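The values are calculated or read from the model by the stated rules, or taken from the named source; none is laboratory data. Computed from a predicted structure; not experimentally measured. No Cβ is skipped: glycine too gets one built from the backbone with ideal geometry, and neighbour counts run over all protein chains shown. Keep in mind that these areas ignore ligands, DNA and RNA; they rest on the heavy atoms of the full protein, side chains included. Shrake-Rupley method; radii C 1.70, N 1.55, O 1.52, S 1.80 Å.
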Amino acid sequence: MADPLAPTVPDRPRAEPAPDEPPASEVPHGLGDAVDDADPISRELVRARAQAGLFGEPTALCIGRYRVIERAGAGGMGVVWSAWDPELNRGVALKLASAGDERARARVLDEGRALAKLSHPNVVPIFDVLDAPEGVFLVMELVKGKTLRQLAPDVKLLDLVRAYRQAGEGLAAAHHAGLIHRDFKADNAILGADQRVRVLDFGLAEAVDNEAAPTIAGTPRYMAPEQHQGIALTPAVDQYGLCAALGEAVRARGAVPKWLVPILARGSADRAEDRYRSMSDLVRALAMTPAAKWRQRAFIGGGAVAVCSIVAAFGVGRTRRAEAPCENGAALIAVSWGGEPRAKAIAHLQALASGYAPEASARIIGALDGYAERWVDVHRTACLAHEARSISTAMFDRRDACLARHTTALRRMGELATSAVLVDVSGLVVAARSLPELAACGDDDGLLSPIAPPPAAAAARAAEIADQIARVDVERDAGRSADATRDAETAVTSARALAYEPLIARALVARGRIALSLAGAERGADDFTEALHAALAMGDDALAVEAYARAAYAIATTTDPRPATDGLPLIEDLSRRAGDRGAFARSLLHNNLGSVALARGDRLGARRAFEQARREAQGLSSSAAIELTEVMISLMTVVDEPAEREQLGGEVVAARIAMLGPNHPLTLDAEIARATLGVPPDRVRESLTTPCIAKATLHPQERASILECAYELAWRAVVAGDRPVAAAMSKRVIDSADADSGDSRVVRTARAYLQIAQGDADGAVVALSAIPPLPATAPWWLRMTSVDAALGLAVAHLAQHDAAANLRDLDEAARLCGELAISAPIYVAARLDAVAKLRQQAHSGAGL
């Protein structure tokens, strides 16, 4: 469809007409014909406007909660309207994906939900899948801009190729998520006002592993030969469509440049096996444009000196490349992962054949294999670009040095996989997905760092310290805290001795993150603060913002949160100046500012910060993506709309399943958060049970989260009068307690709950009455245990048939809830619901 998302939506719903609509007081000529020819929704929209013209009473046409504004476009796979979402106060696009029978609607619902899980900056995001009486609608981002077809005549050739490269990135993300577009053409990608291309109209998309015979569908001149033949399809069909569309656009301008001819020919080859191995390979080929003047200027003056220093620092020279140019990547990476290191790791992991280990082992090996393959691809791409003189020798050396640094992390992963025990495997899954981004080694802008290299005499030692820091990051992500702490101390000491500020700052951040993960006394605040000053001194904006963000969180969660954001305006300026390199740091900053706001009791400020963090996190991958899924859980705690909380819960669970698998402890934590925060009250216990049991069964070492989940089920079971579950979950809380939590308020409450479940109401009253009250200045999550104690007392007194005491307990629980309502409304609402149910039980004379 041609530019289906172009109309502008006002800042708020409007009764007046859009600029291209007739005034409401005029009934359009030929109204009857328009209504007869249009689809039902368009007819209703015309009638609403006619009513406004005749009677002066505008009637909003709504589909679900969305207010329809105007028809925006139509294509072979559906009709699109611009609409207004009053709950989230934003414009959206509504696409009618199916109005057919139940089977067709169900298929579209499944496909829509699959698309909703696809999150990439170059794909139009699906916000919602709406099953309405009028049909199944996809609720999408509303983008104003030009399709690539409209764009082609107005831009330079390299800008056009760059736009198609962005579209290719979006298609590659879809392929990675298991989806083939099948109908890519210039009309199905739009360049927004933010200069970002989004691929849209996945109406013909199908799963990569779909075994059913494909239907012959698409736009004929962009369809690959195998599509015309109706045979099994692969992601290569989207390469054909992209190259056919780009070739058409370039030929319309004149002759195709020589450097582009072989790329388009290969991408649109008749046989799928003759095309590029993947869409990512095609995108990389399109990036190999002739050397431009701005690249040449980058190396005038001191550039060559800086490059030589970096090459010396990391021991990379051109002698190695001369032996096997461009095709020696597999041999180079095999030293870190491949051959004997890989075989040893596989044998060791396969020997851990119990519980969660088999699933984790498969993911670890798959992730490391994929990383090694991508390393080889990036190495080959850089080498071929250098041979084709698309990049300078100096830039090639920067890329090669970057790749050499990344082998350290991969090598350490192999070592940890070879020595892992059962409790390590979940951490290794995270570490394997958190290896340094290889895309950075192909980002020439990012590689042109303003940071001065170490002196030539210190280059070799700097390389060793950089390797130490890489090892620390892997060990921390893998959960090997003792190893990480030891190596971090060495790295910090060595970096200080070298007196090279960039390494000092990086080593301090690495050590501080270990303290943050271990929840130590000061959680790394001192290290982060020192790293901030070092990063500011050397001009590393992105690292300065990251250090500040982590320091703010550490301070707010250990001491007074008020000074946590001192100096924030300067940091915000730096975060904007950091550009693309600062995307992760900006998202982390806003997420941690949200946590600081929560610590201060500012839920509205927290919500704004978390929402900004979520926007900034879009498109991030690897370790950044895993860490920042926590943003959605944080956002769930401050969102008041139940439907939005449920949607966020579903999104974070889906994201962690995609990255870590369904049984990883972080995925189960997300399931627990969704059950606690994001489902209706009557479904909480049912939704909590499965992930709680899975956590205890598959990850018994996760004692703290098992305790928390069991406690949540325990108090709910006590209130519901479910003695068997109350007893089982209370025992699990007690059994999961360690030396630090063995006599905590939670564990003491659970012991009393167990007495209630065992019929010892008198003992429970004594135990719960002995739990001391907390001052109003105590954190809200600790004060919530006072509510739970009051609820337990109410149940116990009800069992004793002491109506007066029961009433006092319920009044106390309600009073405490009132004091905590602003800080934790979702948790308070659940307990107020429990108060209401217990009052009803008392009124009816029932007991546990």
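In table form, for the structure just shown:
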quantity	calculated
Protection proxy ranking of 328-336, 529-537 - average other beta-carbon atoms within 10 Å, highest first	529-537, 328-336
Computed FRET value (nearest 0.05) for R815 with A232, which takes r as the C-beta separation and R₀ as 45 Å	0.10
The range 472-537 - Kirkwood radius from inverse mean 1/r over Cα pairs (Å)	11.6
Ordering of 539-548, 604-613 by packing [mean C-beta count within 10 Å, highest first]	539-548, 604-613
Residue-by-residue Karplus 3J(HN,Hα) for the range 79-86, coefficients 6.51, -1.76, 1.60, Hz, glycine and proline x	10, 10, 10, 7, 8, 10, 9, x
Cβ crowding within 10 Å averaged over residues, with 770-780, 820-830 ranked highest first	820-830, 770-780
For the range 530-535, Karplus couplings with θ = phi - 60° (6.51, -1.76, 1.60), whole Hz, Gly/Pro x	5, 4, 4, 5, 5, 5
Computed magnitude of the charge dipole of the range 444-535 (debye, nearest 20; Cβ of K, R +1, Cβ of D, E -1)	200
Quarter of the Cα convex hull surface for the range 495-637, i.e. its orientation-mean projected area (nm²)	8.2
Accessible area in square angstrom per residue, the range 708-806, 1.4 angstrom probe	42
Pairwise label distance in nanometres, S481 with A347, each label 7 Å out on the Cα-Cβ vector	3.3
Overall dimensions of the range 554-604 by Cα: Rg and Dmax, Å	11.7, 33
Cross-link partners of K146 among aspartates and glutamates (Cα-Cα below 12 Å; sequence separation of 8 or more within a chain)	D3, D154, D187, D194
Accessible area per residue in Å² at 1.4 Å probe, computed on the range 450-519	41
Compactness index (Cα Rg / 2.2 N^0.38 Å), the range 725-848	1.02
Projected area, mean over directions - the range 424-560, Cα convex hull, nm²	8.7
Residue-span extension gain [R271 to Q618] - 0.36 nm each, minus C-alpha spacing	121.4 nm
Accessible area of the range 728-797 belonging to carbon and sulfur atoms, whole % at 1.4 Å probe	58
Cα→Cβ-extended label distance, 7 Å offset, between A334 and A829, nm	5.9
For K146, residues with placed amide H under 5 Å, excluding near neighbours	L191
Simple label model, 7 Å out from Cα along Cβ direction - E87 to V155, nm	3.5
Members of K695/K837; K344/K731; K185/K258; K344/K695 lying beyond 32 Å, as alpha-carbon distances in this model show	K344/K731
log10 of Debye I(q)/I(0), alpha-carbon scatterers only, for the range 636-772 at 0.15, 0.16, 0.17 Å⁻¹	-0.75, -0.84, -0.92
Theoretical FRET efficiency, 1/(1+(r/R0)^6), r = Cβ-Cβ of H843 and D369, R0 60 Å, to 0.05	0.40
